[in-house]
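**Q** Before I ask anything, let me first share the structure, which is written out below as C-alpha cells.
The values are calculated or read from the model by the stated rules, or taken from the named source; none is laboratory data. The model shown is predicted, which means the values in this text are computed figures rather than measured ones. For neighbour counting, all protein chains shown are included, and Cβ atoms are generated from backbone atoms with ideal geometry for every residue, glycine included. Quick note on the areas: whole protein, heavy atoms, side chains included, nothing else; ligands and nucleic acids left out. Shrake-Rupley method; radii C 1.70, N 1.55, O 1.52, S 1.80 Å.
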Amino acid sequence: MATATRGCVWAEHPPVDEGHRRMVQQVNAAVAEADAGPAAGVLPPARVPRVDISCFVHPERASSADRDAVVDQVLAASQHAGFVNIVGHGVPQSVVDGVLAASAAFFQSPMEEKQRCIAKSGPGVLRGYVPYRNESINAVLGRVGPADLRESYSFGPPDHMGGSAYGTNTYPDFIADFSHHVDYYYAEMRRVEIVMLESGDDNGYQWQSVPVVPGAFTVNIGDMLARWSNDCFASSLHRVNANVNCDAPRHSILYFSTSVLPLYPNSDPKVECICRHGEQPKYEPLSVGEYLHHILSRLQAPACRVDS
C-alpha cells in the first residue's frame, strides 16, 4: 500500500478517563478480530449511503428543502454507518487522475531518490517521504505487532493557503509537475471539505466491504468528531486488507479535515463534548494539536504493548 498524504489516524495516548479506556479496549478487540478475519475479497458489502451534495456545490440550482434532505442523509450516515460515498462534488476527474499519476511515479522511483524526500516532522506535523515499515499503527494502538506494510508521502496545504504554519511541504524535483498536481488536489479537497461542513447504529465489529462508487469520494467520521459528539457520531474502525490473489500495489490518496485545527500554536483550545439533553460527557476536553502530537509521535515508534 502506498499513501500519498498523512493526517490523523485513529489512535489514543494512555487513557486519561474511563471513556478513553473503554475506547482503547474496544479498538484492540476489533483489531484482534480483524487480524484473524477474511480477506477483503470475501467480505460482505457494507450499507454505505451514496449522497449527492451538488445542491451545496451549486446552491443556486437547488431549494432549501433539497439541502435539508442532504443534511438529513449525511447526519443519518454519521450516526450509523460512519461512512458515506459522496457524489456531485464537482472535482474534475483530471485532478484525481493527475495526483494518482504523480503518486505512482514517485513510489516507482528508485529508493535513493525517494530518500532525498525523507519526512521532516515537528509537533503535530509530518511532511515528506516515510519509507516502508517505518510507521506502526500497532504502536499507536498500544499493541504488539509488526510495522505497517506501506510507504507513504505526506503533504499539507501549500504556502499560499497558509500551509507554512503547519510545516513546509517537500516536493520531489525528479517528478515533473508533482507540486502542481498535489497542490491542485489539496485545493479541491479543501473546497469539498467546506461544502461537507455545511451539510454536515454501529452494529458491533462485523467487517464489511465498502463499495467502490465510480467518481465518488468515500468519507468516514473520525475519532475527534465521535468524541466531540459524545459518541452520537460513529467513528467506525476501518482497515485496508489485501484482495484475494491480487499482487498489484494499492494507492490511497487521503485528505484529513483541518478546518478545526488552528493555524497557530497559541490558539489550540481544548474541545469539550457536545452532549444531548440529559447526557454526561464521556471524555475529557482535548485539543486537536495535542491529539495530533500524540498520534504522530507514536506512529513512528516501535511496536510495543501499552497497558490500557
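**Q** Within segment 59-74, can you find the residues that are open to solvent by less than 50 Å² (accessible area, probe 1.4 Å) and assigned to a helix (DSSP H, G or I)?
**A** Within segment 59-74, A69, V70, V71, V74 meet the criteria.
**Q** Only one of R190, R143 is of a type outside the set (A, V, I, L, M, F, W, C), surrounded by 14 or more Cβ atoms within 10 Å (Cβ to Cβ) and at pLDDT 80 or above. Can you tell me which? Don't jump to the end; show me each part of the working.
**A** Details: R143 fails: at pLDDT 80 or above.
Every option except R190 fails the conditions.
**Q** Out of P49, P92, P15, I need the residue that is modelled with pLDDT under 60 and either at positive phi or not acidic (D, E) (or both). Which one?
**A** Numbers: P49 fails: modelled with pLDDT under 60; P92 fails: modelled with pLDDT under 60.
That would be P15, the only listed residue that is modelled with pLDDT under 60 and either at positive phi or not acidic (D, E) (or both).
**Q** To continue, here is another question. Does I137 qualify as being open to solvent by 20 Å² or more (accessible area, probe 1.4 Å) and either more than 28 Å from P172 (Cα to Cα) or under 18 Å from the mean Cα position of the chain (by Cα) (or both)? Give the steps one after another, and end with the answer.
**A** Working: open to solvent by 20 Å² or more (accessible area, probe 1.4 Å): yes; either more than 28 Å from P172 (Cα to Cα) or under 18 Å from the mean Cα position of the chain (by Cα) (or both): yes.
Against the criterion (open to solvent by 20 Å² or more (accessible area, probe 1.4 Å) and either more than 28 Å from P172 (Cα to Cα) or under 18 Å from the mean Cα position of the chain (by Cα) (or both)), I137 qualifies.
**Q** Here is a list of conditions, (1) open to solvent by less than 60 Å² (accessible area, probe 1.4 Å); (2) part of a helix (DSSP H, G or I); (3) closer than 18 Å to D183 by Cα; (4) among the hydroxyl-bearing types (S, T, Y), and S94 meets all of them except one; can you say which number that is?
**A** (1)
The rows are residues; the columns are (1) more than 11 Å from the chain's Cα centre (by Cα); (2) among the β-branched types (V, I, T); (3) modelled with pLDDT of 70 or more.
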position: V212; (1), (2), (3): yes, yes, yes
position: A216; (1), (2), (3): yes, no, yes
position: G222; (1), (2), (3): no, no, yes
position: L225; (1), (2), (3): yes, no, yes
position: A234; (1), (2), (3): yes, no, yes
position: N243; (1), (2), (3): yes, no, no
position: D247; (1), (2), (3): yes, no, no
position: I253; (1), (2), (3): no, yes, yes
position: S259; (1), (2), (3): yes, no, no
